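K.L.:
Take a look at the following structure, please.
Values in this text are rule-based calculations from the coordinates and carry no lab data. Keep in mind the model is a prediction, meaning the values are calculated, not measured. Glycine also receives a Cβ, built like all others from the backbone with ideal geometry; neighbour counts cover every protein chain displayed.
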Amino acid sequence: MSIWETLLGGGNLVKAVGDAVDNLFTSDEERLEKQLEHYKAEREYDYKEAQLLSDQNVAQTEVNKEEARTGNLFIAGWRPAIGWVGAFALLYQFVLYPLLLWIPGIKNPPKPLDYTLLYTLITGMLGIAGMRSYDKLKKTDTNKIVLFKKK
């Protein structure tokens, strides 16, 4: 824009007049057609996104099944290791740390763990939905559960 257009506001005026003329000569049918195209594109995008997430979940399930089959501690044991880390963190936070504070003569006691991170770890490991507790209440034998039936 030139300095005169800026001073007189000509740039905004031209845009406003153009938008008003465009709105006057755009029919309701054209607007509805554009809105329909927009909704179709949105629906297609949501469908593709859901399909990608589904494919990703299926692939992760296959990886989990293969990990569970192996007897290697470094492959099949990483989930229990994270569980033990969470158990040790809880032990430190709620048993060892309070006991350390009672010991006389400790000038600089250790710091407690960040409980927000600890709760995130523990609730993630236990499963927020509590499905394992549900299985135990219903006396479901989880060793015999088949994730996918073969056709």
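K.L.:
Expressed in nm to one decimal, what extension gain is obtained for the pair Lys40 and Lys107 from 0.36 nm per residue of sequence separation less their Cα-Cα distance? Could the numbers behind the result be given before it?
P.N.:
Working: separation 67, 0.36 × 67 = 24.12 nm, distance 6.76 nm.
Here the segment from Lys40 to Lys107 would lengthen by 17.4 nm.
K.L.:
I need the calculated FRET efficiency for the pair Glu49 and Leu96, taking r as the beta carbon distance and R₀ as 41 Å, to the nearest 0.05.
P.N.:
Here the calculated transfer efficiency is 0.35.
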